Amino acid sequence: MQQDIVIFAPHQDDEILGAYEIIRQQPEHTYVVFLTNGDYEGAEVAKTRWHESRKALTHLGVPEDHMIALGYADTGMPREVSFLWRLWHEGDQTLIPSHVGAHTYHPDGGKEYHLAHWGAHAAYIRLAVLADVRGVLEDIRPGTIYVTNEDDVHGDHAAAPLFVRAAIDQIADYTPTIYRYHVHGGDDERWPNRTGDVFEKPLNLDESQWESRVSVPVEDQKDFLETLESFQSQWRDAEYMTAFIKKEQIFYREKK
């Protein structure tokens with residue numbers, strides 16, 4: 001029996017930039033969990049970004065009910081302002097409000113995970129994120145998890161695997177395989193490399209991790225581009241986004 005896959009995406013588009021080929025190969029067994037609403041530019045942009053991810057994932061054959069919004073904030077890339085990074089390093093009950101609000105919400109007006117499962121919105125606190133990540137994993141029990149890399153420059157991306165690992169450690173008799181993917185490699189003007197059809201090492205990645213990378217062949221680069229074009233709100237960075245379209249995607253297996 002084929003096991004389910006969960007892809008944790010800090011923001012809408014990370015799931016395609018980092019794991020397009022994984023989704024394309026097994027769409028009916030893939031769940032995509034969005035940690036934040038991508039609402040750095042406001043709630044209306046968050047709604048647009050949700051629709052863009054829905055369009056991309058529907059194109060690949062992912063059932064709409066396999067899209068899960070945790071509904072947390074997006075407050076910027078640098079770690080000193082990043083929502084998830086700051087939350088991870090604060091006390092369990094420390095509230096970190098954003099310019100949009102102080103509790104979870106669904107970007108398209110539905111019910112985000114916490115509201116759907118516990119009947120209330122979650123406050124923007126560390127314990128709530130951890131409870132939601134754990135809840136998703138207990139609900140689905142995926143055999144394989146994909147999540148962004150702790151070495152990623154974006155604070156949300158760096159914090160995501162910390163929440164995922166902490167949640168897994170709270171679940172008895174559960175040892176999924178975990179792969180990490182990189183989205184921001186130290187300088188978005190230089191990485192991903194703009195020439196060549198394979199990835200060069202991200203500037204901020206440890207050499208030993210790079211040497212242990214897993215390369216997954218991309219079968220249809222034209223379809224990859226078509227899928228990425230769903231994200232028109234982010235297309236001002238088209239050169240950066242299309243640089244991910246190569247003959248491979250790279251993953252790093254986590255060693256506990």
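The values are calculated or read from the model by the stated rules, or taken from the named source; none is laboratory data. Nothing here was measured: the structure is a model prediction, and the numbers come from that model. A quick note on method: Cβ atoms are made from the backbone with ideal geometry, for glycine too, and the neighbour counts reach across all protein chains shown.
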Only listed residue being farther than 24 Å from Q2 by Cβ and of a type in the set (K, R), chosen from R180, R165: R165
Filtered residue count, the range 137-160, keeping only those that are within 20 Å of Q3 (Cβ to Cβ), crowded, with 19+ Cβ neighbours inside 10 Å and either polar (S, T, N, Q) or within 14 Å of the chain's Cα centre (by Cα) (or both): 3
Candidate set from the range 233-245 (those that are touching an Asp or Glu at 6+ places or on another chain (Cβ under 7 Å) and surrounded by fewer than 19 Cβ atoms within 10 Å (Cβ to Cβ)); member that is nearest to Q25 (Cα to Cα): Y240
Near pairs, Cβ below 9 angstrom, 6+ apart or cross-chain, from the range 41-54 (closer than 16 Å to T227 by Cα) to any residue that is assigned to a helix (DSSP H, G or I) and of a type in the set (D, E, K, R): S53/E15; R54/E64
Selection count, the range 205-224, where residues are outside any loop (DSSP other than H, G, I, E, B), of a type in the set (D, E, K, R) and loosely packed, with under 12 Cβ neighbours inside 10 Å: 3
Where a residue in the range 1-29 is at positive phi and its partner, wherever it lies, is surrounded by 24 or more Cβ atoms within 10 Å (Cβ to Cβ) and part of a helix (DSSP H, G or I), with Cβ under 8 Å and at least six apart: D13/R49; D13/S53
Given (1) assigned to a loop (DSSP other than H, G, I, E, B); (2) surrounded by 21 or more Cβ atoms within 10 Å (Cβ to Cβ), number of the condition A46 does not satisfy: (1)
Test: A102 is among the small types (G, A, S) and free of Cβ contacts under 8 Å to residues at least 12 places away in the same chain: no
Given (1) more than 20 Å from the chain's Cα centre (by Cα); (2) surrounded by 13 or more Cβ atoms within 10 Å (Cβ to Cβ); (3) not acidic (D, E), index of the condition I168 fails: (1)
Residues of the range 228-255 classified as touching a strand residue (DSSP E or B) at 6+ places or on another chain (Cβ under 8 Å) and not aliphatic (A, V, I, L, M), total: 7
Which numbered condition Y113 misses (of (1) farther than 22 Å from G91 by Cα; (2) in contact (Cβ under 8 Å) with a residue 24 or more places away in the chain; (3) exposed (fewer than 15 other Cβ atoms within 10 Å of the Cβ)): (3)
Test result for T175, hydroxyl-bearing (S, T, Y) and either more than 19 Å from Q12 (Cβ to Cβ) or surrounded by fewer than 18 Cβ atoms within 10 Å (Cβ to Cβ) (or both): yes
Failed criterion for I16 (all others in (1) more than 14 Å from the chain's Cα centre (by Cα); (2) in a helix (DSSP H, G or I) hold): (1)
The range 91-123: number of residues that are modelled with pLDDT under 95 and in contact with a Lys or Arg (Cβ under 6 Å, 6 or more places away or on another chain): 1
